[in-house]
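S.K.: One structure follows; several queries about it will come next.
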Amino acid sequence: MNYDRYFIRGQKVFLINISEERDESVFDSFTGKVVLCNDDRLLLKTAYRLYSGEVMSLKPGMQFKLTTEAMGMGIQVRAELTDLISPEELQLRPLGELSVYQRRQSPRIELTLPLLHVPQKSSLAAFQREWKRVISDLRKPDPPRLKLSATTLNLSAGGVRLDQSSNPTHLSLLVIDLQDEKPPLCAVAELVWHQQDEEQKLIKCGYRFVEILKEDQERIVALVEKEIGGKASIAKHRELIDRMLP
């Protein structure tokens with residue numbers, strides 16, 4: 001199998017945890033760039049630290065669904081984590097055949113919702129730990145009162161676009177009140193792109209949700225459906241599903 005034909009140096013790869021021992025209520029993922037690829041080894045480098053002295057959730061033997069784009073099509077393959085080389089580098093072993101699929105854009109809506117945005121230069125493991133704490137706090141009978149501010153968002157089940165005045169960090173914690181009579185959702189988000197808006201003196205940023213409860217993904221889908229008046233299912237979006245699909 002010529003994996004290097006589809007996973008070329010510098011190409012972005014989205015890794016979705018599909019290990020049997022994963023928490024199936026959580027969509028767990030991150031992004032890396034290809035450093036090296038051959039038939040039995042794929043070396044990736046992340047833009048942020050995956051860990052930094054924390055108890056790691058990443059362990060050799062874990063399996064991931066890898067998705068990327070090549071020649072205008074989506075590519076997916078199962079891979080096993082074989083080594084954590086450094087906090088920003090990991091090695092995987094591709095398993096089996098590649099499959100090709102048609103990529104689809106997640107339906108999006110623009111609206112104003114209460115938001116708490118916490119950008120920090122912390123590792124993914126540190127963000128995951130804080131995410132679990134916030135999720136637990138939000139579900140308490142007497143949850144803490146977080147300071148959320150009305151913010152214009154472009155929102156989908158896969159991520160969010162927003163304007164900010166400060167320079168973005170690679171990872172952020174987002175708390176969004178969907179105003180659906182349920183606790184605010186919380187997600188770890190990674191920066192996908194950013195662009196300076198000189199006229200408004202703001203930075204437009206696009207974020208992807210990399211750690212989020214699946215039920216919160218579905219809440220966003222329900223909100224999008226309500227706003228656009230149609231179906232917005234994530235079932236056909238391979239990048240939002242933590243299992244291999246034919």
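The values are calculated or read from the model by the stated rules, or taken from the named source; none is laboratory data. Since this is a predicted model, take the numbers as computed values, not measurements. Positions of Cβ are backbone-derived with ideal geometry, glycine not excepted, and every protein chain shown enters the neighbour counts.
S.K.: So which strands (runs of 3 or more DSSP E) are wholly in the range 4-58 and hold at least 1 residues that are basic (Lys, Arg) and touching a Gly at 6+ places or on another chain (Cβ under 7 Å)?
M.R.: In the range 4-58, the matching strands (runs of 3 or more DSSP E) lie at 26-38, 41-45.
S.K.: From the list Val35, Val26, which one is of a type in the set (A, V, I, L, M, F, W, C), touching a residue at least 24 places away in the same chain (Cβ under 8 Å) and either in the same structural domain as Glu190 (by TED's automatic domain parsing) or surrounded by fewer than 19 Cβ atoms within 10 Å (Cβ to Cβ) (or both)?
M.R.: Details: Val26 fails: either in the same structural domain as Glu190 (by TED's automatic domain parsing) or surrounded by fewer than 19 Cβ atoms within 10 Å (Cβ to Cβ) (or both).
The unique qualifying residue is Val35.
S.K.: Taking the conditions exactly as written (closer than 28 Å to Glu225 by Cβ, modelled with pLDDT under 95 and surrounded by fewer than 19 Cβ atoms within 10 Å (Cβ to Cβ)), does Glu199 satisfy them or not?
M.R.: Criteria not met by Glu199.
S.K.: Can you spot a residue in the range 156-175 that is over 23 Å from Phe14 (Cα atoms), assigned to a strand (DSSP E or B) and over 21 Å from the mean Cα position of the chain (by Cα)?
M.R.: Checked against the condition, which is being over 23 Å from Phe14 (Cα atoms), assigned to a strand (DSSP E or B) and over 21 Å from the mean Cα position of the chain (by Cα), the range 156-175 yields no hits at all.
S.K.: Same structure, new question: It is to be established whether one or more residues within the range 122-143 are over 23 Å from Glu239 (Cα atoms) and part of a strand (DSSP E or B).
M.R.: No, there is no match, as no residue in the range 122-143 is over 23 Å from Glu239 (Cα atoms) and part of a strand (DSSP E or B).
S.K.: When you look at Val134, is it surrounded by fewer than 13 Cβ atoms within 10 Å (Cβ to Cβ) and over 30 Å from Glu199 (Cβ atoms), yes or no?
M.R.: Here the answer is no, as Val134 does not meet what is asked.
S.K.: Residue under question is Ile228, and the condition is that it be modelled with pLDDT under 95 and either surrounded by fewer than 16 Cβ atoms within 10 Å (Cβ to Cβ) or not β-branched (Val, Ile, Thr) (or both); does it hold?
M.R.: Yes: the conditions hold for Ile228.
S.K.: Could you list all residues from the range 206-226 that are touching a Cys at 6+ places or on another chain (Cβ under 9 Å) and assigned to a helix (DSSP H, G or I)?
M.R.: Matches in the range 206-226: Asp216 only.
S.K.: Check off (1) modelled with pLDDT under 95; (2) closer than 19 Å to Leu138 by Cβ for Ile212 and give me the number that stays unchecked.
M.R.: (1)
S.K.: With respect to Ile109, determine if the residue is of a type in the set (Val, Ile, Thr), surrounded by fewer than 18 Cβ atoms within 10 Å (Cβ to Cβ) and modelled with pLDDT under 95. Can you show your working first?
M.R.: Values: of a type in the set (Val, Ile, Thr): yes; surrounded by fewer than 18 Cβ atoms within 10 Å (Cβ to Cβ): yes; modelled with pLDDT under 95: yes.
So Ile109 passes the test.
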